[in-house]
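Below is one structure, written out as structure tokens, with a few remarks after it.
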Amino acid sequence: MAASHRIRGTSVRVLPLALLLVFALPLAAQTQPAVIALDSVGITVSDMERAVDFYSGVLSFRKVSDVELAGNDWEHFTGVFGLRVRIVRMQLGGEFIELAQFLAPEGRPLPVDSRSNDRWFQHVAIITSDMQKAYAHLRAHNVRHASSGPQRLPEWNRNAGGIEAFYFKDPDGHALEVLHFPAGKGDPKWQSTSALFLGIDHTAITVSDTGASLVFYRDALGMRVAGESENYGTEQEHLNNVFGARLRITALRAASGPGVELLEYLAPRDGRPYPADWRASDLGHWSTRFISPDTGRASQILRNIHARFESPDVTALARSELGFSRGVMVRDPDGHAVQLVQK
């Protein structure tokens with residue numbers, strides 16, 4: 001029998017592993033994956049002008065579009081009633097983020113004591129051609145540290161050794177990462193030295209159970225596992241700013257676009273769950289948008305594994321300024337928002 005747990009007053013049905021596998025096996029056998037690309041990562045902000053200035057002036061993103069949306073279709077897509085939202089799409093290299101400011105309703109702030117092992121944690125990993133220059137540049141712009149400083153992962157870690165990383169915060173307190181790959185690691189395109197900031201390699205999310213997340217992202221959505229490692233030690237502790245951090249890290253990729261990195265804290269296990277009442281207008285909200293060749297089919301696959309839907313169903317959008325005509329928003333097993341859209 002499935003267990004039932006309560007998170008902040010909401011009953012959450014937890015399926016036993018055997019039943020999850022029953023759902024997962026036919027999904028993995030599908031000839032066409034439910035998603036074919038990771039399109040962009042969305043971040044809710046409180047002050048659009050300030051956010052655009054930060055991402056363009058400090059991190060070299062370029063504004064691509066700036067639209068204001070309202071109406072019944074966008075309310076159904078996002079699950080936020082009475083919305084009016086300004087969305088700015090920004091590009092770095094070949095990758096995109098979307099900044100969203102909800103003019104109505106105004107959302108709640110990000111908890112000031114947020115930690116990397118809290119399960120609402122998400123960031124984008126921005127690739128730099130030179131970590132020391134990037135860190136000096138960020139310091140010159142007075143960014144707030146999330147790590148104590150840049151960390152170089154030890155050579156004993158076969159998959160991650162030599163990678164340099166640093167966590168910092170944007171003006172709203174969202175965590176961001178700059179990452180440098182040594183020769184022989186990461187996508188070969190990141191070996192370019194033509195610019196200080198090159199693009200986005202992946203978005204990372206904290207999860208409670210890698211197995212449950214793989215049922216969602218690998219078996220249901222059709223992403224492939226691209227790499228795995230177990231990271232620990234003083235460098236990892238100071239990177240995540242979590243004492244005693246030991247992480248199981250699983251990298252996933254769709255056919256194109258940035259990856260999704262699952263961060264499961266094997267220790268400490270005291271990270272807080274994603275608040276069940278958070279909505280897209282709240283500043284803790286991030287979303288990961290995937291392109292699907294058939295949102296109706298993808299939606300049904302996710303209903304088969306009892307994913308939580310923010311949208312009542314796939315929504316046809318009257319305006320397509322964001323580049324898609326149909327979409328649905330769901331939550332992964334830990335509450336992270338996932339948008340599936342169709343061109």
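The values are calculated or read from the model by the stated rules, or taken from the named source; none is laboratory data. Please read all numbers here as calculations on a predicted model, not as lab measurements. Positions of Cβ are backbone-derived with ideal geometry, glycine not excepted, and every protein chain shown enters the neighbour counts.
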Query raised in the report: Do we have any residue at all in the range 283-295 that's closer than 23 Å to Ala100 by Cα, at pLDDT 95 or above, of a type in the set (A, V, I, L, M, F, W, C) and touching a Pro at 6+ places or on another chain (Cβ under 7 Å)?
Result: yes
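Yes/no per residue for (1) more than 30 Å from Pro105 (Cα to Cα); (2) exposed (fewer than 15 other Cβ atoms within 10 Å of the Cβ); (3) among the aliphatic types (A, V, I, L, M); (4) touching a residue at least 60 places away in the same chain (Cβ under 8 Å):
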{"site": "Arg246", "(1), (2), (3), (4)": "yes, no, no, no"}
{"site": "Leu263", "(1), (2), (3), (4)": "yes, no, yes, yes"}
{"site": "Arg272", "(1), (2), (3), (4)": "no, no, no, yes"}
{"site": "Pro275", "(1), (2), (3), (4)": "no, no, no, yes"}
{"site": "Arg279", "(1), (2), (3), (4)": "no, no, no, yes"}
{"site": "Gly284", "(1), (2), (3), (4)": "no, no, no, yes"}
{"site": "Phe290", "(1), (2), (3), (4)": "no, no, no, yes"}
Query raised in the report: Of these, Val41, Val88, which one is among the β-branched types (Val, Ile, Thr), at pLDDT 50 or above, surrounded by 15 or more Cβ atoms within 10 Å (Cβ to Cβ) and in contact with a Phe, Trp or Tyr (Cβ under 7 Å, 6 or more places away or on another chain)?
Result: Val41
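Matching residues to (1) under 13 Å from Val35 (Cα atoms); (2) of a type in the set (D, E, K, R):
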{"residue": "Arg253", "(1), (2)": "yes, yes"}
{"residue": "Arg272", "(1), (2)": "no, yes"}
{"residue": "Ser287", "(1), (2)": "no, no"}
{"residue": "Gly296", "(1), (2)": "yes, no"}
{"residue": "Ile301", "(1), (2)": "yes, no"}
{"residue": "Met329", "(1), (2)": "no, no"}
Report task. Under 6 Å between Cβ atoms, at least 6 apart or on separate chains: pull out the pairs that start in the range 300-326 with a residue that is assigned by TED's automatic domain parsing to the domain that holds His336 and end on any residue that is assigned to a loop (DSSP other than H, G, I, E, B) and hydrophobic (A, V, I, L, M, F, W, C). Result -> Ile301/Ala34; Ser325/Leu317; Arg326/Val314
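Quick one: is Ser116 in the same structural domain as Tyr167 (by TED's automatic domain parsing) and of a type in the set (S, T, N, Q)? Outline the logic, then answer.
Values: in the same structural domain as Tyr167 (by TED's automatic domain parsing): no; of a type in the set (S, T, N, Q): yes.
When the stated conditions are applied, Ser116 does not pass them.
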Requested in this report: Identify, by number, the condition in (1) small (Gly, Ala, Ser); (2) at negative phi; (3) in contact with a strand residue (DSSP E or B) (Cβ under 8 Å, 6 or more places away or on another chain) that Gly93 doesn't meet.
Outcome: (2)
Requested in this report: Search the range 248-261 for residues being over 30 Å from Ala70 (Cβ atoms) and out of contact with any helix residue (DSSP H, G or I) (no Cβ under 7 Å at 6 or more places or on another chain), and hand back the single one that is surrounded by the fewest Cβ atoms within 10 Å (Cβ to Cβ).
Outcome: Ser256
Query - Candidate set from the range 321-336 (those that are surrounded by 24 or more Cβ atoms within 10 Å (Cβ to Cβ) and farther than 14 Å from His76 by Cβ); member that is farthest from the chain's Cα centre (by Cα) - result: Pro333
Requested in this report: Could you please find all residues in the range 282-322 being touching a Lys or Arg at 6+ places or on another chain (Cβ under 8 Å), assigned to a loop (DSSP other than H, G, I, E, B) and of a type outside the set (D, E, K, R)?
Outcome: Leu283, Gly284, His285, His306, Ala307, Val314, Leu317, Leu322
Report task. Among residues belonging to the range 148-171 that are of a type in the set (Lys, Arg) and farther than 14 Å from Ile126 by Cβ, point out the one that is modelled with the highest pLDDT. Result -> Arg152
Query raised in the report: Restricting the search to the range 233-244, which residues are surrounded by fewer than 22 Cβ atoms within 10 Å (Cβ to Cβ) and not charged (D, E, K, R)?
Result: Gly233, Thr234, His238, Asn241, Val242, Phe243, Gly244
Requested in this report: For Arg139, work out the one condition from (1) more than 25 Å from Arg246 (Cα to Cα); (2) within 23 Å of the chain's Cα centre (by Cα); (3) not in a loop (DSSP other than H, G, I, E, B) it doesn't fulfil.
Outcome: (2)
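Out of the range 186-219, which residues are among the β-branched types (Val, Ile, Thr) and touching a strand residue (DSSP E or B) at 6+ places or on another chain (Cβ under 6 Å)? Please lay out each step first, then the result.
Going residue by residue through the range 186-219, those that are among the β-branched types (Val, Ile, Thr) are 193, 200, 203, 205-207, 210, 215.
Within the range 186-219, Ile200, Thr203, Ile205, Thr206, Val207, Thr210 qualify.
Please work out if Arg158 is under 20 Å from Leu252 (Cα atoms), of a type outside the set (Phe, Trp, Tyr) and more than 19 Å from the chain's Cα centre (by Cα). Before the answer, list the steps.
Values: under 20 Å from Leu252 (Cα atoms): yes; of a type outside the set (Phe, Trp, Tyr): yes; more than 19 Å from the chain's Cα centre (by Cα): yes.
It is true that Arg158 is under 20 Å from Leu252 (Cα atoms), of a type outside the set (Phe, Trp, Tyr) and more than 19 Å from the chain's Cα centre (by Cα).
Just to verify a result, which residue in the range 180-232, among those that are among the acidic types (Asp, Glu) and surrounded by fewer than 22 Cβ atoms within 10 Å (Cβ to Cβ), is modelled with the lowest pLDDT?
Asp187
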Requested in this report: Might you check whether a residue that is buried (at least 22 other Cβ atoms within 10 Å of the Cβ), free of Cβ contacts under 8 Å to residues at least 60 places away in the same chain and not β-branched (Val, Ile, Thr) occurs anywhere in the range 106-127?
Outcome: no
